[in-house]
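J.: Got a structure for you, questions after.
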Amino acid sequence: MKKPNYKLSDHFSFHEFIEGEAIPTSGHEMNWKHIGQCNEAKLKEMAEALEPIRKLINDEFQDKNNGVEIGLNINAGWRCLQWELSQKRSGKSQHVIAAADVYPTNVSDKLALEILEFLYELHWPQTQKGWRGGFAIAWPKPKGKFNKGFVHYDLRGSQARWLY
């Protein structure tokens, strides 16, 4: 059963977390079928955690983008356990709780890479300055679906780092 869309934060909505761009229609359908598993309060917490990142990106890079506001699109947000298992995954992904794979929008490929490098330098360290939860980078690929790359964020209780 599809639920109405609503804002989780200023720039992120419930539906974009359920219907991430990297998830095929069959995944969206499975998410909606099992929407009762979704902890909407955790999604709201994740969306709110992305807001300062979005603001920081704009503070640092909007001038380089000819004053055009830079957005963050969600490749993958919440994924139901059944989808994870159907994809031959363990089912232990933070995406079954609340996570976001995001990439910058309204930017050139060159600026997208610069933003990813900035986020990597800022959030990769496993120190108090680094991101408090899970953080990963998928660097841009010359061809393919994620040619601009993406960044994974989650709110697990400890710092974790990996590369895709």
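The values are calculated or read from the model by the stated rules, or taken from the named source; none is laboratory data. This structure is a prediction, so every number in the text was calculated from the model and none was measured. FYI the Cβ positions are ideal-geometry reconstructions off the backbone, even for glycines, and counts take in every protein chain you see. The protein model used for the area step is the full one, side chains on, heavy atoms only, and it has no ligands, DNA or RNA in it. Shrake-Rupley method; radii C 1.70, N 1.55, O 1.52, S 1.80 Å.
J.: Can you tell me which residues in region 76-92 are in contact with an Asp or Glu (Cβ under 6 Å, 6 or more places away or on another chain) and at pLDDT below 95? Reasoning before the result, please.
T.: Here is the first cut: in region 76-92, the residues in contact with an Asp or Glu (Cβ under 6 Å, 6 or more places away or on another chain) are 76, 91.
The answer is Gly91, and nothing else.
J.: Considering region 17-36 alone, what residues qualify as being surrounded by fewer than 18 Cβ atoms within 10 Å (Cβ to Cβ), acidic (Asp, Glu) and at pLDDT 95 or above?
T.: Going residue by residue through region 17-36, those that are surrounded by fewer than 18 Cβ atoms within 10 Å (Cβ to Cβ) are 21-22, 24-26, 28-29, 32-36.
Filter once more, so that each one left must be acidic (Asp, Glu): 21, 29.
Once the filter is applied, which keeps residues that are surrounded by fewer than 18 Cβ atoms within 10 Å (Cβ to Cβ), acidic (Asp, Glu) and at pLDDT 95 or above, region 17-36 yields only Glu29.
J.: Among the residues of region 37-68, write down those that are open to solvent by less than 50 Å² (accessible area, probe 1.4 Å) and either of a type in the set (D, E, K, R) or touching a helix residue (DSSP H, G or I) at 6+ places or on another chain (Cβ under 8 Å) (or both).
T.: Within region 37-68, Cys38, Glu40, Leu43, Met46, Ala47, Glu51, Ile53, Arg54, Ile57, Phe61, Asn65 qualify.
J.: Across region 97-156, what is the total count of residues that are open to solvent by less than 50 Å² (accessible area, probe 1.4 Å) and assigned to a loop (DSSP other than H, G, I, E, B)?
T.: Result for region 97-156: 10.
J.: Only one of these is assigned to a loop (DSSP other than H, G, I, E, B), in contact (Cβ under 8 Å) with a residue 60 or more places away in the chain, among the β-branched types (Val, Ile, Thr) and closer than 20 Å to Lys148 by Cβ: Ile53, Ile23. Name it.
T.: Ile23
J.: Further question on the same structure: Only one residue in Ala41, Ala47 is under 25 Å from Lys2 (Cβ atoms), assigned to a helix (DSSP H, G or I), touching a Leu at 6+ places or on another chain (Cβ under 6 Å) and without any contact (Cβ under 8 Å) to a residue 60 or more places away in the chain. Which one?
T.: None of the other options fit; the residue is Ala47.
J.: Can you find, within region 1-16, the residue that is most open to solvent (accessible area, probe 1.4 Å) among those that are part of a loop (DSSP other than H, G, I, E, B) and without any contact (Cβ under 8 Å) to a residue 12 or more places away in the chain?
T.: Residue satisfying both the conditions and the ranking: Pro4.
J.: Out of all the residues in region 24-40, is one or more under 14 Å from the mean Cα position of the chain (by Cα) and under 23 Å from Arg156 (Cα atoms)?
T.: no
J.: Between residues in region 144-164 that are closer than 16 Å to Ile53 by Cβ and β-branched (Val, Ile, Thr) and residues that are surrounded by 15 or more Cβ atoms within 10 Å (Cβ to Cβ) and modelled with pLDDT of 90 or more, which pairs lie under 6 Å by C-beta distance while being six or more apart or on different chains?
T.: Short answer, once both residue conditions are applied: Val151/Val102; Val151/Leu119; Val151/Ile137.
J.: Is at least one residue of region 139-156 hydroxyl-bearing (Ser, Thr, Tyr), at pLDDT 95 or above and within 18 Å of Ile23 (Cα to Cα)? Even if it seems obvious, please write down each step before you answer.
T.: Going residue by residue through region 139-156, those that are hydroxyl-bearing (Ser, Thr, Tyr) are 153.
Still in the list and also at pLDDT 95 or above: 153.
If we keep only those that are within 18 Å of Ile23 (Cα to Cα) too, we end up with 153.
For region 139-156, residues hydroxyl-bearing (Ser, Thr, Tyr), at pLDDT 95 or above and within 18 Å of Ile23 (Cα to Cα): present.
J.: For region 69-91, which positions are of a type in the set (A, V, I, L, M) and surrounded by 14 or more Cβ atoms within 10 Å (Cβ to Cβ)?
T.: Matches in region 69-91: Ile70, Leu72, Ile74, Ala76, Leu81.
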